[in-house]
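Comments concern the structure below.
The values are calculated or read from the model by the stated rules, or taken from the named source; none is laboratory data. The shown structure was predicted, so the numbers you read here are calculated from the model rather than taken from an experiment. Positions of Cβ are backbone-derived with ideal geometry, glycine not excepted, and every protein chain shown enters the neighbour counts. The protein model used for the area step is the full one, side chains on, heavy atoms only, and it has no ligands, DNA or RNA in it. Shrake-Rupley method; radii C 1.70, N 1.55, O 1.52, S 1.80 Å.
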Amino acid sequence: MLRPIRLFGDPVLKTPAEPVRDFDLELRNLVRDLNETMLDAPGVGLAAPQIGVSLRVFTFHVGDEEGESGHLINPVLALDGEEEEDEEGCLSLPGIQFLTPRAPRVVAKGFDMHGEPITIEGTELLARCVQHETDHLDGILFIDRMSKKERKLAMKAIREAEWYGAPVPEIRVSPHSTQRIS
Ligand code: NI
């Protein structure tokens, strides 16, 4: 199911997400929704807080080769190499692209949706994506990683964006729907 993507200004994006404890059907549905919403956007990565679910889960799709797409739950990252700046964007800040420093190599350990331990090793775009999405789980946005000068330019572009200042929906800490049927 496609889910609305939360935009900058929504407090869920600044809230550290909870670790996943139950590897159940709800979690598998969450991973499926993240994948569908990410591919539809389209984007190369999407973290659960971006669809209003404050859990440590993200999906990624940087290419069609093996190992270039998938999901990761409760990630722990080991970064390697000197940070490099490159253009970066975010589905929660549509149209905003600025230079963001990231480590060029990452090894990410975590779990798949069945609770099996997995390791993702990435360079270049995959390394950048894994760092960006894991930051989302800590309530950190890419603008928080930019140089002072670059962030100033980004904030100006954000304030001028047509989506800026839209009303904010509620936060959820469970993949269960909180919508009431009356
Ligand atoms: Ni993002």
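Could you check, for the stretch 30-37, whether at least one of its residues is open to solvent by less than 40 Å² (accessible area, probe 1.4 Å), at pLDDT 95 or above and in contact with a Cys (Cβ under 7 Å, 6 or more places away or on another chain)? Scanning the stretch 30-37 turns up no residue that is open to solvent by less than 40 Å² (accessible area, probe 1.4 Å), at pLDDT 95 or above and in contact with a Cys (Cβ under 7 Å, 6 or more places away or on another chain).
All of L79, L91 fail the test of being at negative phi, in contact with a strand residue (DSSP E or B) (Cβ under 7 Å, 6 or more places away or on another chain), more than 15 Å from the ligand (Cβ to nearest atom) and among the hydrophobic types (A, V, I, L, M, F, W, C), apart from L79.
Of all residues in the stretch 103-120, exactly one satisfies the criterion of being surrounded by 15 or more Cβ atoms within 10 Å (Cβ to Cβ), in contact (Cβ under 8 Å) with a residue 40 or more places away in the chain and more than 17 Å from the chain's Cα centre (by Cα), namely I118. Annotation note: Cβ proximity below 7 Å between a residue of the stretch 86-102 that is open to solvent by 30 Å² or more (accessible area, probe 1.4 Å) and a residue that is within 8 Å of the ligand (Cβ to nearest atom) and not in a strand (DSSP E or B) (sequence gap 6+ or interchain) occurs for L91/G43; L91/Q50; Q97/G89.
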